[in-house]
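Here is the structure we will look at, set down as structure tokens.
The values are calculated or read from the model by the stated rules, or taken from the named source; none is laboratory data. Remember, predicted model here, so these are calculated numbers, not experimental data. Glycine also receives a Cβ, built like all others from the backbone with ideal geometry; neighbour counts cover every protein chain displayed. For accessibility, only protein heavy atoms count, side chains too; no ligands or nucleic acids. Shrake-Rupley method; radii C 1.70, N 1.55, O 1.52, S 1.80 Å.
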Amino acid sequence: MIISAQWIRELLPAVSWNPADVAQQLTFAGLEVEHITDQAARLQGFVVGYVTDKQPHPKADKLSVCTVDVGRDTAATIVCGAPNVAAGQFVPVALPGCRLPDADFTIAERPLRGVTSQGMICSQAELGLGDDADGIWILSGDLVAGSSLADALAQTDILLDVAITPNRADALSHLGVAREIALLTDYATPHTVDVMPQAYEADPTVANVKVAIEAAELCHRFLALPIDGLTIQPSPEWMQRRLRACGLRPRNVIVDVTNYVMLELGQPLHAYDARTVAQRTFVVRQAGAVAPFTTLDGTVRTLAADMLMICDAHQPLGVAGVMGGKNSEVAPDTVDVILESAWFLPSSIRRTAKVLDIQSDASYRFERGVDPNIAKTAVLRAAELLVTIAGGRRGALTDVVACEYQAPTFAVRFDRTRRILGTHVENQTIVRICKAMHCNVLEETPESIVVQPPSWRVDISSEIDIIEEIMRVVGLDAIPAPSHTSVPTQGASLPAALRVNKVSSKLMQGLVSQGYYDCCTTSQTSPHMAQLSCDALVEVANPLGVDGSAMRTSLLPGLVKAAAWNLRHGATEVRLAETGRVFLPDATSALGVVEERRIAFVACGSTATQWQSASRVVDFYDVAGTLESICDHAGLPRPTVAVDDVASALWGSNVGTVVVDSKVVGRIGQIHPGVASEFGIDLPIYGVELAADLLTPVVTRYQAPSAYPTVERDLAIVLPSQIAAGAVLQAVENTRPDILSAIHIFDVFTDERYVGAGKKSLGLRLTFLRSDRTLVDQEVDAAVSHILSVVERSCGATLRGSIS
């Protein structure tokens, strides 16, 4: 927001301040001053010129050769192409050496078609002081040739471009910034910074206005003030000058006054042509039905049923807090107007402005929260200015309050303030700062004070907010840096939900070591994606759009979407993994939702080319092997996969449940081809998702490596096809011989000619080892016999052949 130093000085006459110093203080306090503009410096070298003579250019029909008095002994000869230049005019002149504002161009003596031009006669646009670029700017008033143009145009202000943070709605006005400057420069002396319109007596000839608020939860207060007999005219030059300096284009006295008061006090106002307000009645209500409505910019917009509207007795007149309607705008022949000032619920205005795609100065302020108590002052101030400038008669003010403003009340504890700030601040300093902020101190004890923040500080609602304000005023640079600090290394004091899941970290380390990329996808998603893995979903209360209106119920859709992006951009081997939280409905929890920590990974495309084998398309066994490997890396029991026939929109064929330590902890399989196709993936894509909180690593103990050799035996067993390989491994693990060091499946073979119908052959590699001596064949043979008898009893397996 552009802030005028002259305007601030009018509001804050008792405080002496320097713009450069204040800019630094505001920046350090959180209101960053991005740029300082000295208007006089921008016009340095520009003077008022008086055109004494104008002659046609001898070699150009559209150029004129002007003799201009610029206050020197010799008049300047200036070649000008503007059609409106004439002798007897006062004009702005840029002399050689001047630099045009907002342009990388320096004026110099230059020959133009054989005539040397000793300067330039400027337009408003060239000076950056208006939009008129069609001709030169003809000045009026009591002017002297050769005098400073900045002084002649009263361009002597200093402008601060302040970046206002979303929580500081009070600073979106000169009044708010003046209060901030008073607080930062002299908090020991509370300064009253207010604009107080003079009281007036309502003219009985002006008809009263009626107001009805039907949506009290969305509009807490609505004021209407009629003014009859106005004369539409341009606003005075001083007002136009300030509006231009703050980035607004002057239009007419009515529009300019409402904009001026908005910049001054922060309260948006709106003026209606009284002729268009049926029965001089305002009804504040919701639209009630989807309907078209033409706003002031001439655009036909579709209203939603819940949008707040300002209506008369028959029809809508404007979108509350956003933009007025075309059917009630002030026209050139308007004589009678009705001024509106109101307080609207910020969330309602924000939602309406976003849906209608309108960002107006009014909605920008309303959606951040304006001062609930400034509405009356603002409308009276605007009426006072209008009557002073444009004449007219003020009627009675109609002020309807549907919901009284209640300021929050809370205690500010001195010791807690010092503890949070990390430095010593005297009790009386805390009290003085609170009073300088215009907080109402209701009670004061040696330990604390009870305060009510001012109505314009809508961002202050609790003790911590006051502590933050004290920190801003005292200054971060006043807080000493500690000479040492301590960082807790134990997480026992943290809630379990906030502690790092070590199993997830280990699993992710294993995935990264196998070529997977650790991803981070958004927790908010579309309802369609959320319902791929869960019929019920957790909806976001106030989403920015459909794509973020639900919380994710699985990590896999986000990973599939990321995989599709990588494939579209040329990737051939996609390996993505993520650890994160999912959100599931739970009627038994206090908030109706439960968070679960998950780890998931997907693989798609081709496998890496090995020197022994060519690249191929990723299949189920690749992700199953990865799952087994990372579980081993994380110290988890060996996972098994059970066939899963539960229908799901997310999963396709070849789907199973992952069982670890007799607990179902997740799923593994192919993502449904229909889901993959939605994202533009035409290759099989496989995924795994595990519930991290259900995974418990086994206790590992250090064991010195044996100094003695291992013995390996390969067995081929035949068993029914429906028996999972994992079941064989589990059976061996349950009655594991002491000397068995490891067991691996290295081959799966099916062929009716060799193993029979409904049968398959598994190749087992058994590794035997003792840590105290070398094994002998009799020990190994006994262990192999034991293992064969176990798999025969539990799995119906028979020995196909063995090789020593």
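Projecting the Cα atoms of Cys80, Ser16, Gln55 onto the charge dipole of the range 1-159 (Cβ charges, centred on the Cα centre) puts Gln55 farthest toward the positive pole.
Here the relative contact order of the range 194-300, from alpha carbon pairs under 8 Å that lie six or more residues apart, stands at 29 percent. Across the range 80-224, the mean sequence separation of Cα contacts (distance under 8 Å, 6 or more residues apart), normalised by length, yields a relative contact order of 15 percent. Evaluated with a Cβ-only charge set (Lys, Arg +1; Asp, Glu -1), the range 631-713 carries a dipole of roughly 400 debye about its Cα centre, given to the nearest 20.
Where the alpha-carbon atoms of the range 506-621 are placed on the principal axes, they occupy 57, 30, 20 Å, in descending order.
From largest to smallest, the equivalent ellipsoid semi-axes obtained for the range 238-297 from the alpha-carbon gyration tensor read 28, 14, 12 Å.
How much solvent-accessible surface does His270 expose, in Å² to the nearest 10, with a 1.4 Å probe and all protein chains in place? My reading of the accessible area for His270 is about 40 Å².
Relative intensity of the range 621-701 on a log10 scale, I(q)/I(0) at q = 0.27 Å⁻¹, equals -1.30, per a Debye sum over C-alpha point scatterers of equal strength in the absence of solvent. Extent of the range 99-179 along its three principal axes (Cα atoms, max minus min coordinate, largest first): 61, 32, 21 Å.
Note on the range 339-437: semi-axes of the ellipsoid equivalent to its C-alpha gyration tensor, largest first and rounded to whole Å, are 38, 21, 14.
Here the Debye sum runs over all C-alpha atoms of the range 679-804 as equal scatterers in vacuum, and log10 of I(q)/I(0) at q = 0.12, 0.14, 0.22, 0.23 Å⁻¹ comes out as -0.61, -0.76, -1.24, -1.30. Think of each Lys and Arg Cβ as +1 and each Asp and Glu Cβ as -1; about the Cα centre, that makes the dipole of the chain roughly 1140 debye. Among the chymotrypsin sites (Phe, Trp or Tyr not before Pro) in the range 663-738, those located in a DSSP loop and surrounded by at most 14 other Cβ atoms within 10 Å of their own Cβ are Tyr702. In the chain, what percent of the accessible surface is made up of carbon and sulfur (1.4 Å probe, ligands and nucleic acids excluded)? The C+S portion of the solvent-accessible surface of the chain is 51 percent. For the range 696-737, a Kirkwood hydrodynamic radius built from all Cα pairs, placed in the Stokes-Einstein relation at 10 °C and 1.306 mPa s, yields a translational diffusion coefficient of 113 µm²/s. Note on the chain: Rg/Rh from C-alpha atoms, Kirkwood Rh, equals 1.15. When the Cα convex hull of the range 301-358 is projected onto planes of every orientation, the mean area is 4.8 nm². Give me the dipole magnitude in Debye, nearest 20, for the range 117-247 about the Cα centre, with unit charges on the beta carbon: positive for Lys and Arg, negative for Asp and Glu. Dipole about the Cα centre, nearest 20: 240 debye. Summary value for the chain: 8 percent relative contact order, contacts being C-alpha pairs under 8 angstrom separated by 6+ residues.
Taken as entire DSSP H runs, the helices of the chain that both span 24 Å or more between Cα atoms along their own long axis and average 0.0 or more on the Kyte-Doolittle scale are 777-795. Taking 10 °C and 1.306 mPa s as conditions, the range 54-139 diffuses translationally at an estimated 120 µm²/s according to Stokes-Einstein applied to its Kirkwood radius (Cα pairs).
For the range 562-631, the fraction of C-alpha pairs farther apart than 18 angstrom is 57 percent.
Think of the range 606-714 as having a plus end and a minus end, set by charges on the Cβ of Lys, Arg, Asp and Glu; of Ser606, Thr700, Val617, Thr700 sits farthest toward the positive end of this dipole. Note that the range 564-679 carries a Kirkwood radius of 16.4 Å, evaluated over its alpha carbons pair by pair. A Förster radius of 56 Å, combined with the Cβ-Cβ distance separating Asp61 from Ala154, puts the computed FRET efficiency at roughly 0.90.
Its Cα gyration tensor gives the range 730-804 an equivalent ellipsoid. The semi-axes, each the square root of 5 times an eigenvalue, are 26, 13, 11 Å from largest down. Each principal axis of the Cα atoms in the range 1-152 has its own extent, and those three values, largest first, are 62, 32, 27 angstrom. Taking trypsin sites (Lys or Arg not before Pro) across the range 603-686, the ones in a DSSP loop with at most 12 further Cβ atoms lying within 10 angstrom of their Cβ are Arg616. Give me the percent of Cα-Cα pairs in the range 622-762 that sit more than 18 Å apart, rounded to a whole number. Summing the P(r) of the range 622-762 above 18 Å gives 67 percent of all pairs. If you look at the Cα atoms of the range 104-259, you get an Rg and a Dmax of 23.0, 74 Å. Loop-located chymotrypsin sites (Phe, Trp or Tyr not before Pro) in the range 37-116 (DSSP state other than H, G, I, E, B) with a sparse environment of at most 15 neighbouring Cβ atoms within 10 Å: Phe105.
Full extension of the segment from Leu775 to Asp518, taken as 0.36 nm per residue of separation minus the current Cα-Cα distance, would add 88.1 nm.
Candidates Gly422, Thr388, Thr409 compared by Cα position along the dipole of the range 386-426: farthest toward the positive end lies Gly422, with charges placed on Cβ.
Only helical runs count toward this figure. For the chain, summing -39,500 (n - 2.57) over DSSP H runs of n ≥ 4 and dividing by all residues gives -7500 deg cm²/dmol at 222 nm.
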